[in-house]
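A short reminder: the numbers here are calculations on the coordinates, not readings from a lab. Because the structure is a prediction, the values reported are computed rather than measured. All Cβ positions, even for glycine, are placed from backbone atoms using ideal geometry, and neighbour counts span all protein chains on display.
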Amino acid sequence: MKEPYGALGRELLGAIALVNRTGRRAVRQALPTEPLPSAQSELLRLAAGRPGITVADAAQELRLAPNTVSTLVGKLTSAGLLRRSRGSQDARIALLTVTERGQRRLAEWRDLRADLASQALARLSAADRRALTVAVPALMRLAEELESRDRAA
């Protein structure tokens with residue numbers, strides 16, 4: 001049976017992916033420092049949002065193999081952006097926290113991203129800006145629905 005919103009879903013997710021891809025590219029080109037690979041950036045953002053997250057939990061959250069996350073942790077730790085410490089209950093567990101340098105890097109990225117998006121929004125028509133403003137809550141609900149379905153699977 002064909003889904004009634006299949007075409008809308010394809011177009012919407014395609015548009016969101018394009019906005020993300022072009023946004024990342026614009027930020028990477030404008031960054032004064034060498035950009036991090038996407039997987040490293042995702043892990044750094046996750047660790048910033050959940051200080052003390054374990055490698056296993058990060059792997060599950062990012063849908064990556066634990067050994068892949070361990071490799072990313074090693075690279076981010078070597079770069080001075082992430083700190084790995086041992087769990088107090090179990091020394092085999094690595095807890096991840098973002099260093100001050102990592103926090104500055106994330107803030108620089110967020111600020112630049114917001115500035116570039118603001119500039120792009122300013123070039124749109126008022127009608128387009130209103131449509132996007134109205135769409136944000138619905139997009140957040142769509143993300144929640146996709147996430148809840150993903151968790152149930």
Item to complete: Sum -39500 (n - 2.57) across every DSSP H segment of at least 4 residues in the chain, then divide by the residue count to get the 222 nm mean residue ellipticity, nearest 500.
Response: -24000 deg cm²/dmol
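Among Glu144, Glu42, what is the fewest-to-most ranking by other Cβ atoms within 10 Å? Could you put the intermediate results ahead of the total?
On the way: Glu144 10, Glu42 16.
If I rank by nearby Cβ atoms, fewest first, I get Glu144, Glu42.
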Discussion item. For the chain, take the longest principal axis of its alpha carbons; what is the angle in degrees between that and the long axis of helix 66-78, to the nearest 10 within 0 to 90?
Written reply: 80
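Over the chain, what is the relative contact order in percent, taking alpha-carbon pairs closer than 8 angstrom and at least six residues apart? If you can, show how the numbers build up before the last one.
Working: 103 pairs, mean separation 31.5, N = 153.
21 percent.
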Worksheet, complete the sentence: Under a Gaussian network model of the chain whose springs join Cα atoms within less than 10 Å, the largest fluctuation of Thr99, Thr68, Thr77 belongs to Thr68
Item to complete: Return the single residue from Ala39, Ala17, Ala56 with maximal mean-square fluctuation; model: Gaussian network over the chain, springs between Cα atoms under 10 Å.
Response: Ala17
Worksheet entry | Most mobile of Ala58, Ala15, Ala143 in a GNM of the chain (Cα contacts under 10 Å) | Ala143
Fill in: Angle between the chain longest axis and helix 38-49 axis [Cα atoms, degrees, rounded to 10]
80
Worksheet item: Placing +1 at every Lys and Arg Cβ and -1 at every Asp and Glu Cβ, with all other atoms neutral, what dipole size does the range 28-125 have around its Cα centre, in debye to the nearest 20?
Response: 80
